[in-house]
Amino acid sequence: MREKRCERAARMCGRLVLLLLLTATALLTPAPRLTLTATSVRAAPAADPAVPTAGRAWPVGVRPRVLRGWEPPTTPYGRGHRGVDLAAPAGAPVRAVAAGRVSFAGRVAGRGVVSVELSGTGDPPLRTTYEPVRAVVEKGDEVAAGDLVATVEPTGSHCATTCVHWGLRRADTYLNPLSLLPPWLLHRAPSRLLPVLGVPLPAP
């Protein structure tokens, strides 16, 4: 009888030691390095000193797919892509990425456009644009980050599917709008399993 109790106690001790080793390994293992996909590479620009990280929300969705990234032209009138295209279904809400004042809400060449001058971004201020959209704000309206400014129009985009072209300018200079977003909005950390402590071991 005593031998059986000793064997059970030994097994319990062995399981406790194993649980402690697994817990220590999980806690001490460094976080894995992120491997960026092609989309996330386009969505993770180098910091632009001309653009403060004033953004607090994506224009559409939570983490929209970047259909086409920023491709600055080599000359002021050269070819390029002066903004980024974000996948979004027709009718989706379009939100201000940062606080500011609506400087334009109307149609340009048949497309709905909303422009917002961002507060506290210098003189002249940074100005974001969203198109093709149906405005729900008017020129002069003050907006906060995350406020609804428009909805996505079903036609008028230059994407193969519905999207929002998001642009950023300071005066006549085009800039990368993704530079407005802080790293915590641009990236998502991978999921990690954490040890569960305080759970009793199963009976032998």
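Some observations on this one:
- Residues whose amide H lies under 5 Å from that of V149, counting only those 5 or more places away or on a different chain, are V94, R95, A96; hydrogens are built 1.01 Å from N in the peptide plane.
- Shape class of the stretch 88-192 from the Cα gyration tensor (axes a ≥ b ≥ c, square roots of the eigenvalues): oblate, since a/c reaches 1.5 or more and a/b does not exceed b/c.
- Residue order for S119, S179, S157 - accessible surface, 1.4 angstrom probe, largest first: S119, S157, S179
- Gyration tensor over the Cα atoms of the stretch 135-184: the corresponding equivalent ellipsoid has semi-axes (square roots of 5 times the eigenvalues, largest first) of 20, 18, 13 Å.
- A 1.4 Å probe over all protein chains sorts H81, H187 by accessible area into H187, H81, starting with the largest.
- Amide H contacts of L175 (H built 1.01 Å from N, under 5 Å, at least 5 apart or other chain): L168, R169, R170
The values are calculated or read from the model by the stated rules, or taken from the named source; none is laboratory data. Computed from a prediction, not measured in an experiment: that's the story for all the values here. All accessible areas refer to the heavy atoms of the entire protein, side chains included, with ligands and DNA or RNA removed. Shrake-Rupley method; radii C 1.70, N 1.55, O 1.52, S 1.80 Å.
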